[in-house]
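Only one structure is covered here, and it is reproduced in the block below.
Please treat every number below as a calculation from the coordinates, not as lab data. Only a predicted model underlies this, so the values are computations on that prediction, with no experimental measurement involved. With ideal geometry, Cβ positions are generated from the backbone for all residues, glycine too; neighbour counts draw on all protein chains shown.
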Amino acid sequence: MISLDKTRPEPLYQQIKLWMVQEIDGGQWPLHYKLPAEEDLARSLKVSRGTVRQAIQELVAENRLTQIHGRGTFVISPQQVESSLADHLVAFSEDLMLQHIPFETEVLEQQVIVPDMRVRALLNLNPDTLIFFLQRRRFIDMFRSS
């Protein structure tokens, strides 16, 4: 965790922002990592929620983070293409159904596993947590008439 210095000329939110950038660039917060809630970050950093929010908002403006209402704040790639998913998260199959596109699903693999470090970080899991791994393939017929 960061050690904030209130005697430095940089405002606290800029110190927090720099720390967040270091976490992202250093891989501690990988792509799609969900940040802790603003309240939790503020409490652990011993600053106001507004200070944390200001740091986050700057990183959102720089396309380093994205905020999805009701979901949280996530690390994104600066080159990530914006899509409708930024506004509304839907499953691929749900999107196909909404568009009345018929599809089939083939399950390739399914098992209970201990996730690797990257997955644990993305999902904010304890090291001993088991997850259900599912690998599948979707088929759509683009030439079938509706």
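Compared with the dominant principal axis of the Cα atoms in the chain, helix 49-61 is inclined by about 50°.
Residues of region 24-49 with the amide nitrogen closer than 19 Å to a label point 7 Å from the Cα of residue 5, along Cα-to-Cβ, please. Once the point is set 7 Å along Cα→Cβ of residue 5, 45-47 turn out to lie under 19 Å by backbone N, inside region 24-49. Note on region 90-140: dipole from Cβ charges, positive end direction compared against 105, 140, 129; the farthest Cα belongs to 129. Using Cβ point charges alone (K and R +1, D and E -1), the dipole size of region 90-140 about the Cα centre works out to roughly 120 debye.
Per-residue packing, averaged as other Cβ atoms within 10 Å, sorts the ranges 19-25, 129-135 into the order 19-25, 129-135, beginning with the highest. Putting +1 on Lys and Arg Cβ atoms and -1 on Asp and Glu Cβ atoms, find which of 21, 44, 74 reaches farthest to the positive end of the dipole of region 12-75. The residue sitting most towards the positive pole is 44. Only one residue of 4, 96, 114 has its Cα farthest out toward the positive end of the dipole of the chain, where Lys and Arg carry +1 and Asp and Glu -1 on Cβ, and that residue is 4. Highest GNM mean-square fluctuation among 27, 70, 50, for the chain modelled with Cα contacts below 10 Å: 70.
Among the listed options [x] 12, 42, 37, 9, 1; [y] 9, 29, 30, 19, 9, 3, 0; [z] 11, 38, 34, 15, 3, 1, 0, the one matching P(r) over Cα pairs in 10 Å bins from 0, in percent as calculated from these coordinates is [y]. Length available on full extension from residue 97 to residue 133: 0.36 nm per residue minus the Cα-Cα distance, which gives 10.6 nm. Here the Karplus curve 6.51 cos²θ - 1.76 cosθ + 1.60, taken at θ = phi - 60°, turns the phi angles of region 98-107 into couplings of 4, 8, 6, 9, x, 8, 10, 10, 10, 7 Hz, with x standing for Gly and Pro. Considering all C-alpha pairs of region 12-75, those separated by over 20 Å amount to 15%.
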